[in-house]
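Read through the structure below, which is laid out as structure tokens, and then see the notes.
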Amino acid sequence: ADVAYLRSVLPSTTDDAFFDYLATLDASEVTVTAIPEGSVVFARVPFLQVKGPLLVVQLLETTLLCLVSYARYFVMGMIPKPLGDGKGQGRECSAPQSRGSWVGCGMGMGVQKGIRVGWMGNGTPDTLLAPRITPRAVQIPRSPWQELPPRAGGDPVDLAGLAVSWLQRVCDLLQTPPSKANQGELAAFVSYAVTFPCDFQGLLDTYCVRRSGLPNFCAVALALHQLGYQAIGVRLDSGDLTQQSKEIRGVFRACGAHFQVPWFGTIPIAVSNDISEQSLEEFRREGSEIDMIGIGTNLVTCPLQPSLGCVYKLVEVNGSPCLKLTEDEEKMTIPGMKMIYRLYDAAGHPFMDLMALEEEPSPSAGQELGVRVLGQLGETTKVIPTTVEPLHRTYFRDGQVCEPLPSLPEVRTHAQVSLSLLSPAHRRLHEPQPYPVAVTERLHRLFLELRQGSQ
């Protein structure tokens, strides 16, 4: 059908042999080598190489670039919770972003994305939960929606009535009038708690955190505790997140001590609202009480780097190396089919990635190497690696997957290990030490020969 369509739109003078050739195309002659998913990859290092008939390789370009240009991983010390399902460039484009979120964070949201990549999506209560429930909902006497049996068993209890009685006690402790707590929000919390008694959490800033959201949550959480359940957390989505987290932690501890509920003081506090790397640094510097961070826009769209900036360039045809020439040296391609090696120091940190021609012998641990660092090609640098790791693996050959593809948990573990091995000097947020990428002397000579031969 594709060939028939092309016949209908291309000029009538197009040779029939061309369409006959298109009908024979398949991937049986394609070989794909790549750096394993979840690895730290640096600029100018080819993380994927494709060999095959030129036209087939060209046809793969758009698909491959789309798959990798918007997939990003985010790994950090605090527990991150991806909340970017509605932030991606379209429903389909957010699938690799969701996969990357799971790899980097161990979590993700979106039921469809979860089905496709193999995890259960999770999140927090809908922001529309409280506004759409009317205050009179908590005034309805003993209706089925507000009844909950104790966890240990027994007759259902009116959770709404129990929460109202706890609200008075909480407000007395906090010295805030119960009338200031929004009754619709309380009803929403009760409704959520009845539906998910073992997973109750509250979004506290629908109305006012201090006067409404916090006392309403505490009331419902303490009512659940009375029936044998334990709330799992709260979320903030506006305001001074650090300061609010400290105030909320103080209230939780006060309630836990006053009502003799020890676990109450450690209820997890999650935050969201355009969290960036700078936000994370501020949370640490100011000593927040935040346990979990919901990252949306800055994880999925990454304003500082909206896409990965990948290129897909021809480096060899029929055994002859190719070079793209341009006045911008950074945009020149590095010719020939290459092997990529990661060099480690005695402390176990990678200190350089090295590109060599495919036919060159592998560098050896403990032996001195003369290399040319990109950006400093005019001089030779001597290095002695303690360990040498070949990065590329062959994943696809002769129409078949030839390397077992790792599970998503395995990719996530590899990503965490890969990042943790980096020296702190390369990982820091401000003025990180540049990570050098180099080429062998032989590859450098080939580069010079091709550049001079084209002038």
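Name the shape class, rounded, prolate or oblate, that the alpha-carbon gyration tensor gives for the range 357-437, where a ≥ b ≥ c are the square roots of its eigenvalues, rounded holds for a/c under 1.5, and otherwise prolate holds if a/b is larger than b/c and oblate otherwise. The shape class here is oblate.
Provide the convex hull volume over Cα atoms per residue for the range 370-415, in Å³.
Details: hull volume 7.3 nm³, N = 46.
Once divided by residue count, the hull of the range 370-415 is 159 Å³.
In the range 135-295, Cα pairs under 8 Å separated by at least six residues give a relative contact order of 19 percent. Based on protein heavy atoms only, the range 135-295 ends up with 44 Å² per residue of surface accessible to a 1.4 Å probe. Accessible area of residue 345 (1.4 Å probe, protein heavy atoms only, ligands and nucleic acids ignored): about 50 Å². Distance from the Cα centroid of the range 428-455 to that of the range 168-203 is 61 Å (rounded to whole angstrom). Heavy-atom surface analysis with a 1.4 Å probe gives the range 135-295 a carbon and sulfur content of 49 percent of its accessible area. Note on the range 415-455: with neighbouring protein chains present and a 1.4 Å probe, carbon and sulfur make up 53 percent of its accessible heavy-atom surface.
Calculated translational diffusion coefficient of the range 135-295 (4 °C, 1.567 mPa s; Stokes-Einstein with Kirkwood radius over alpha-carbon pairs) equals 81 µm²/s.
Of the GluC sites (Glu not before Pro) found in the range 331-416, those that fall in a DSSP loop while having at most 14 other beta-carbon atoms within 10 Å are 358, 359, 368, 379.
The values are calculated or read from the model by the stated rules, or taken from the named source; none is laboratory data. Bear in mind that the values here come from a model prediction, so they are computed numbers and not experimental data. All Cβ positions, even for glycine, are placed from backbone atoms using ideal geometry, and neighbour counts span all protein chains on display. The protein model used for the area step is the full one, side chains on, heavy atoms only, and it has no ligands, DNA or RNA in it. Shrake-Rupley method; radii C 1.70, N 1.55, O 1.52, S 1.80 Å.
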